[in-house]
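For reference, the structure discussed in these notes is given below.
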């Protein structure tokens, strides 16, 4: 797993601090685990103290997805100023800092690349086959499969992402475009794979 890389590209309304241990409940009574099923801190989880402007501070423990150097770990601002993105071992969580019970798990897994599209108001996540995005309206979308195994983002312009997806049947890369507001796409390899729930 790579070191935590904070990227604060978009404006935000909170302060965050990375912790090396989970405080006792008496010190920090508002503690949240992501996903909710996690009841104890596992090795490699990220522990973050969040102080929303005008809100009550809380601690978040974010479970690690994969133990891989290719899977991203980092803290990111999002196009919505109240929402924070935490990525730990390729698992991405977007959380409303003022209401941490409101959160989403990014469907792209493991997250191998993150891009920002400031003009489109979108934080972009890519895995081996799909692209996901989180918009300024707080909407999280995921594209259909664009590649059999491995994709490249080549251009981000206005509301469109362009890239190449690997087509195993034709043994070549196939171009695709993705709408950064909806996740709708054109082109790509359209691999016939089962979608994760």
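Yes or no, residue by residue, for (1) farther than 18 Å from residue 126 by Cβ; (2) without any contact (Cβ under 8 Å) to a residue 40 or more places away in the chain; (3) part of a loop (DSSP other than H, G, I, E, B):
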site: 33; (1), (2), (3): yes, yes, no
site: 47; (1), (2), (3): yes, yes, no
site: 71; (1), (2), (3): no, no, yes
site: 95; (1), (2), (3): yes, no, no
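In the list 26, 16, which residue meets the criterion of being out of contact with any strand residue (DSSP E or B) (no Cβ under 9 Å at 6 or more places or on another chain) and either surrounded by 15 or more Cβ atoms within 10 Å (Cβ to Cβ) or free of Cβ contacts under 8 Å to residues at least 40 places away in the same chain (or both)?
Numbers: 16 fails: out of contact with any strand residue (DSSP E or B) (no Cβ under 9 Å at 6 or more places or on another chain).
None of the others qualify; the one that does is 26.
Tell me yes or no: at least one residue of the range 44-63 is exposed (fewer than 14 other Cβ atoms within 10 Å of the Cβ) and farther than 18 Å from residue 98 by Cα. No, the range 44-63 has no match at all.
Does residue 75 satisfy being buried (at least 22 other Cβ atoms within 10 Å of the Cβ) and at pLDDT 95 or above? No. Looking only at the range 116-153, residues that are farther than 21 Å from residue 8 by Cα, exposed (fewer than 15 other Cβ atoms within 10 Å of the Cβ) and either out of contact with any strand residue (DSSP E or B) (no Cβ under 6 Å at 6 or more places or on another chain) or without any contact (Cβ under 8 Å) to a residue 12 or more places away in the chain (or both) come to 0 in all. On the stretch given as the range 160-174, residues that are in contact with a strand residue (DSSP E or B) (Cβ under 9 Å, 6 or more places away or on another chain) and under 13 Å from residue 129 (Cα atoms) total 7. Looking across the range 6-22, the residues that are more than 18 Å from the chain's Cα centre (by Cα), over 15 Å from residue 56 (Cβ atoms) and part of a loop (DSSP other than H, G, I, E, B) come down to 20, 21, 22. Checking each residue in the range 158-189 for being closer than 13 Å to residue 143 by Cβ, modelled with pLDDT under 90 and surrounded by fewer than 17 Cβ atoms within 10 Å (Cβ to Cβ) picks out no residue at all.
The values are calculated or read from the model by the stated rules, or taken from the named source; none is laboratory data. These numbers were taken from a predicted model, which means no experiment stands behind them. Counting neighbours? That spans all protein chains shown, and the Cβs are built from the backbone with ideal geometry, glycine included.
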